[in-house]
Amino acid sequence: MDAQPTQAPADFGGVDRIGVLRGWILAILVLGLLGTVTELVLLEHYEQPLQFVPLILIVAALAVVWWELARRDVASRRAVQIVMALFVLAGFAGFAAHFEGSAAYQLELNPDMSNWELLEKILRAKAPPLLAPGMMLQLGLLGLAYVFSDSRFRRSGTK
């Protein structure tokens with residue numbers, strides 16, 4: 001007797017499970033984008049030029065997601081991939097910017113604190129919140145999961 005691999009098919013009972021999961025990923029991504037842009041606008045996260053980066057990226061993401069929903073072709077998937085990769089980069093850059101801004105503020109208040117005290121103050125700071133740019137990283141990874149879960153994208157030859 002030959003042992004057959006026990007893989008669950010992507011199409012089970014007439015329901016494309018991968019397609020359903022991709023739909024949920026996209027819905028969560030859009031919800032996250034709308035929630036994040038709302039929070040950034042309410043927090044007036046546009047006082048300095050660098051603070052516009054997440055706002056511009058979110059607008060770009062919403063545009064390419066709209067394009068992807070309308071066309072569902074290689075170009076739209078590639079655009080989503082590029083914008084989501086920029087989200088990941090922006091998440092790391094935002095983390096560095098928030099760290100630097102918080103460190104400068106804390107050292108202005110107390111220039112004599114030790115490195116350990118400074119790190120502790122930065123980690124506990126509410127403004128700028130150190131881990132807030134992690135949302136950009138999460139949204140970027142979610143968008144990349146959406147793109148790379150599409151079997152047509154893999155077959156389309158992204159070489």
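Key figures
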item	result
Filtered residues of the stretch 125-143 (kept if more than 28 Å from Trp24 (Cβ to Cβ), among the hydrophobic types (A, V, I, L, M, F, W, C) and surrounded by fewer than 17 Cβ atoms within 10 Å (Cβ to Cβ))	Ala127
Matching residues in the stretch 95-137 - criterion: being within 22 Å of Leu43 (Cβ to Cβ) and not in a helix (DSSP H, G or I)	Ala125, Lys126, Ala127, Pro128, Pro129, Leu130, Leu131, Ala132, Pro133
Single residue of Ile58, Ile122 found to be surrounded by 18 or more Cβ atoms within 10 Å (Cβ to Cβ) and either of a type outside the set (Val, Ile, Thr) or farther than 30 Å from Gly19 by Cβ (or both)	Ile122
Pair list, Cβ under 8 Å, 6 or more apart: the stretch 132-144 residue touching a residue at least 60 places away in the same chain (Cβ under 8 Å), other residue surrounded by fewer than 23 Cβ atoms within 10 Å (Cβ to Cβ) and of a type in the set (S, T, N, Q)	Met135/Thr36; Met136/Thr36; Leu139/Thr36; Gly143/Gln81; Leu144/Gln81
Matching option when the condition is modelled with pLDDT under 90, within 24 Å of Gly32 (Cβ to Cβ) and buried (at least 17 other Cβ atoms within 10 Å of the Cβ), among Phe95, Phe99, Phe153	Phe153
Boolean, Leu43 is of a type outside the set (S, T, N, Q) and surrounded by 17 or more Cβ atoms within 10 Å (Cβ to Cβ)	no
Scan of the stretch 46-55 for residues that are assigned to a loop (DSSP other than H, G, I, E, B) and either in contact with a Ser or Thr (Cβ under 8 Å, 6 or more places away or on another chain) or surrounded by 11 or more Cβ atoms within 10 Å (Cβ to Cβ) (or both), ordered by number	Tyr46
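The values are calculated or read from the model by the stated rules, or taken from the named source; none is laboratory data. A quick note: this is a predicted structure, and the numbers were derived from the prediction, not measured. Heads up, the Cβs are rebuilt from the backbone with ideal geometry, glycines too, and the neighbour counts pull from every protein chain shown.
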